[in-house]
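Undergrad: Dropping a structure here in structure tokens format, bear with me for questions.
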Amino acid sequence: MSDRERADAVYTALLQRQGERWVQPRVERTRRVLELLDDPQRTYRVVHVTGTNGKTSTSRMIESLVRAHGLRTGLFTSPHLERFTERIMIDGEPIDDAAIAEAWDEVEPFIGLVDAELAAAGDAPLTFFELLTVLAFVAFADAPVDVAVVEVGMGGSWDSTNTADGDVAVIAPIDLDHADRLGETIGEIASVKAGIIKDGAAVVSSRQDAAAEQVLRAAAAEKGATIAFEGQDFALAEGRLAVGGQAITVRGLAGVYEDEYLPLYGAHQGFNAALAIAAVESLIGGGTQPITGDILAEGLGQSTSPGRLQLVGVSPTVLVDAAHNPHGARALVEALRESFDFDEWGVVLGILADKDAAGIVAALAPVATHVFATAPASDRANDADRIADLAELAGLAVTVHGDVADASDAAREWASASDRRAVVIAGSVVLAGEALALAAAEDWKSGWSE
């Protein structure tokens, strides 16, 4: 069996488990597997990242900055866009197939044991995400990495990633999402996310709603942790357009960094970069040593954020953005207005059924000229006709398409009629992954042709 086949077999085995949307507040189950494996997550330093929006982009920037220091890095994020190995990165690259298969071989003997213990206690077997977390921690120990940057799956306190003790806890913007699991107010959600703050840790946070800030400050005080907030203790001082991204000036915890190039679009990415810088200052030098200029330039300059305002087509311009909740959709709209000079946007829109579709449509309506409603290739997809109905209620022109390929063809043809038109594909990480694969296969950067 080839390494690729072995890795695919791991993913097939994971898919037999309860899916990653099946979440119970039961971090101790993951902890039990890790104990049997001799706690691999304690063999490296950890930066733990939570929040509602911006977690993945911030995590990727932190990893890039840490790697620029010459340290070996692991990065655990979710979900993936095209292949599951993207979720476990070693030194900035998806884990290779042999390494993930070997990590599975280490973990597998203990799965049946823990499943049996769970069954005896009347509990459900280990889930997809619990086992994926264990796999990542084992793979990082095997590499071995110096620092692991770990993105929370959902929430914080009871997420399976909270079996790691973060030297630095990073809190991206907190907004209402997963209210059925995390709470119905910003304060309730913040209290779950604050669960990643460990004794004596350094905490860095985006600017937050007053209720969230109060919860986070109290949690940090209880744990004897330091806490720094964007806008108060560090800040994005300036951001301006630059070719292919933006130039940012950041007032960090330990220094001021002027006119640094960030190859990502949107003011929200500038704020994510400020948060990432503060996190890395906290990790390396305890928040007292500035990041040297060449290291910062390399770390930011090599930052990528696939599926986040990613340019995938020209003539017409086509962007892909995973905006899958109203907060993300609002950030997308602001970025389209700031960073691009088009009069009309065609929006290929596909949303999962458990998301706030009406909120996403309302957020996108101010820039959408025509909505090309479709459905992601997921059993959790919202019906394309329902998306179309919401778009019509918002007063938008809309057509319905069976899949992202049909919708993208129609949108690109529509946009090619004028050089003042462009396309953005948004609404779901699943849809974004499909669009990236399609854009590469059809070479959208060669322009539109009938």
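The values are calculated or read from the model by the stated rules, or taken from the named source; none is laboratory data. All of these numbers come straight from a predicted model, not from anything done at the bench. Ideal geometry is used to build each Cβ from the backbone, glycine not excepted, and the neighbour counts take in all protein chains shown. Ligands, DNA and RNA are stripped out before the accessible areas are found, and what is left, the full protein with its side chains, is counted by its heavy atoms. Shrake-Rupley method; radii C 1.70, N 1.55, O 1.52, S 1.80 Å.
Undergrad: Look at SER428 and say whether it is closer than 27 Å to SER78 by Cβ, of a type in the set (Ser, Thr, Tyr) and in contact with a helix residue (DSSP H, G or I) (Cβ under 8 Å, 6 or more places away or on another chain).
TA: No: the conditions fail for SER428.
Undergrad: Given the criterion touching a residue at least 24 places away in the same chain (Cβ under 8 Å), touching a Pro at 6+ places or on another chain (Cβ under 9 Å) and within 30 Å of SER64 (Cα to Cα), identify the matching residue among GLY301, GLY307, GLY286, GLY350.
TA: GLY301
Undergrad: Does ALA190 meet the test of being modelled with pLDDT under 95, surrounded by 24 or more Cβ atoms within 10 Å (Cβ to Cβ) and either more than 27 Å from GLY153 (Cα to Cα) or not basic (Lys, Arg) (or both)?
TA: yes
Undergrad: Looking at the structure I just gave you, is ALA411 assigned to a helix (DSSP H, G or I), open to solvent by less than 10 Å² (accessible area, probe 1.4 Å) and among the hydrophobic types (A, V, I, L, M, F, W, C)?
TA: Yes.
Undergrad: Let me ask another. Kindly indicate whether ASP115 is without any contact (Cβ under 8 Å) to a residue 12 or more places away in the chain and at negative phi.
TA: When the stated conditions are applied, ASP115 passes them.
Undergrad: Any residue that is modelled with pLDDT of 95 or more, buried (at least 21 other Cβ atoms within 10 Å of the Cβ), aliphatic (A, V, I, L, M) and part of a helix (DSSP H, G or I) - is there at least one of those in region 145-163?
TA: no
Undergrad: Report whether or not TYR261 is in contact with a Phe, Trp or Tyr (Cβ under 9 Å, 6 or more places away or on another chain), under 22 Å from LEU336 (Cα atoms) and either open to solvent by 10 Å² or more (accessible area, probe 1.4 Å) or at pLDDT 95 or above (or both).
TA: No, not satisfied.
Undergrad: Return the residues of region 415-446 that are open to solvent by 30 Å² or more (accessible area, probe 1.4 Å) and under 17 Å from the mean Cα position of the chain (by Cα); say none if nothing qualifies.
TA: Answer for region 415-446, where residues must be open to solvent by 30 Å² or more (accessible area, probe 1.4 Å) and under 17 Å from the mean Cα position of the chain (by Cα): VAL430, GLU434.
Undergrad: Something else now. Only one residue in ALA323, ALA335, ALA329 is within 24 Å of GLN269 (Cβ to Cβ), under 19 Å from the mean Cα position of the chain (by Cα), part of a loop (DSSP other than H, G, I, E, B) and not polar (S, T, N, Q). Which one?
TA: ALA323
Undergrad: Can you name every residue in region 330-344 that is within 21 Å of ALA410 (Cβ to Cβ) and open to solvent by less than 10 Å² (accessible area, probe 1.4 Å)?
TA: Those that are within 21 Å of ALA410 (Cβ to Cβ) and open to solvent by less than 10 Å² (accessible area, probe 1.4 Å): LEU332, LEU336.
Undergrad: Let me ask you something else. Does region 195-206 include one or more residues that are modelled with pLDDT under 95 and either open to solvent by 10 Å² or more (accessible area, probe 1.4 Å) or farther than 23 Å from ASN325 by Cβ (or both)?
TA: Checking region 195-206: at least one residue is modelled with pLDDT under 95 and either open to solvent by 10 Å² or more (accessible area, probe 1.4 Å) or farther than 23 Å from ASN325 by Cβ (or both).
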